[in-house]
Amino acid sequence: MALFGAKSFRIDVEGGQVPCITFGTGERDLVILPGLRFSSIEKNASAAAYYFRIFAKEFRVFVIDRKEPLEEGCTIHDLAEDTAEAMRNLGIEYAAVYGASQGGMIAQDLAIHHPEMVEKLVLGVTAGRTNTTIEAAVHTWIELMDRSGYEAVAKDYAKRGYSEKYMKRYRFLLPVAVKLQKKMPKERFLNLARACLTCDTYRHLSSVRCPVFVIGGGRDRIVSGAASLEIAEKLGCECYLYRKLSHEAYNEAKDFNRRVYGFLIRDDV
């Protein structure tokens, strides 16, 4: 029996389908937008439900991936419009939205252009515009993918994304984890990676009206810790940084999801 009734499926949108996972028994809707990945969320329903289990009783949770197939040259705004259409087709009228990394870029665009759909917004390890840290990481991954493939990209991501302490402890597991994943086609990954370079929500953030919580890593070597701080300053919203962690703060910090949950269930924001 699937954990928390978790199931994986696809929802039709214009020009394709969006892979989704749903679980939970709550009365409120929560949309989770994951970051750039090597593989689709499909067939990972139980794993997702376990990872986000803290939300299962309070919320009806929807994890929404990127459309398949993607148009060449898609932007963060395009991905946000796909997300909005998927939400409408799922019957989600008004939801809390939690986006991490690229998912946080999409979540910002969604809140800007479809404010009527977003009750609360959580932005994890993300940015409101490109910066030199993002450009260096993404351009490196594009080059490595073309030249050497997924294992080289994963090695570079791990070096940038995890703390040195974490890498010393778990470095030996990285090659195994990469090999076990059913990876998306290379061109799809490259298309999604390039989309990160189109993020340009910062100048429109003042139009966001819902409560927002920003959470990130102070030593983030993929989007930078400063990116979280500038979003929070622009919005005048609550922000929490794990000072010693990088982009994978959401995996390394045991209380990351608990902090997100605490914000989402509070009545005073």
Just the residues that are assigned to a helix (DSSP H, G or I) and either β-branched (Val, Ile, Thr) or surrounded by fewer than 19 Cβ atoms within 10 Å (Cβ to Cβ) (or both), please, taken from segment 102-116.
106, 112, 113, 115, 116
Taking the criterion of being out of contact with any His (no Cβ under 8 Å at 6 or more places or on another chain) and among the polar types (S, T, N, Q), would at least one residue in segment 91-101 satisfy it?
no
Looking only at segment 209-259, count every residue that is part of a loop (DSSP other than H, G, I, E, B), touching a residue at least 40 places away in the same chain (Cβ under 8 Å) and not aliphatic (A, V, I, L, M) and tell me the total.
11
Matching residues in segment 1-24 - criterion: being under 29 Å from residue 71 (Cα atoms), surrounded by fewer than 17 Cβ atoms within 10 Å (Cβ to Cβ) and in contact with a Phe, Trp or Tyr (Cβ under 9 Å, 6 or more places away or on another chain)
7
Within segment 10-43, residues among the aromatic types (Phe, Trp, Tyr) and either within 16 Å of residue 94 (Cα to Cα) or in a strand (DSSP E or B) (or both) come out as 23
Look through segment 149-203, keep the residues that are β-branched (Val, Ile, Thr) and more than 17 Å from the chain's Cα centre (by Cα), and return whichever of them is farthest from residue 100 (Cα to Cα).
176
Counting only residues that are charged (D, E, K, R) and buried (at least 17 other Cβ atoms within 10 Å of the Cβ), how many does segment 239-258 have?
2
Any residue at all in segment 70-77 that is outside any helix (DSSP H, G or I), free of Cβ contacts under 8 Å to residues at least 40 places away in the same chain and at positive phi?
no
Condition check for residue 27: under 19 Å from residue 120 (Cβ atoms) and surrounded by fewer than 18 Cβ atoms within 10 Å (Cβ to Cβ)
yes
Just a yes or no: is a residue in segment 100-112 at pLDDT 95 or above, more than 14 Å from the chain's Cα centre (by Cα) and within 13 Å of residue 208 (Cα to Cα)?
yes
Which one is farthest from residue 130 (Cα to Cα), of the residues in segment 227-238 that are touching a strand residue (DSSP E or B) at 6+ places or on another chain (Cβ under 7 Å) and surrounded by fewer than 18 Cβ atoms within 10 Å (Cβ to Cβ)?
238
Write out, first by first residue and then by second, each pair whose Cβ atoms fall under 7 Å of each other, whose residues are 6+ apart or on separate chains, and whose first residue, in segment 142-153, is within 15 Å of residue 179 (Cβ to Cβ) while the second is part of a helix (DSSP H, G or I) and aliphatic (A, V, I, L, M).
150/178; 151/178; 152/144; 153/144; 153/145
Test residue 262 against the criterion of being surrounded by fewer than 15 Cβ atoms within 10 Å (Cβ to Cβ) and not in a loop (DSSP other than H, G, I, E, B), and give yes or no.
yes
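The values are calculated or read from the model by the stated rules, or taken from the named source; none is laboratory data. This structure is a prediction, so every number in the text was calculated from the model and none was measured. All Cβ positions, glycine included, derive from the backbone under ideal geometry; neighbour counts span all protein chains shown.
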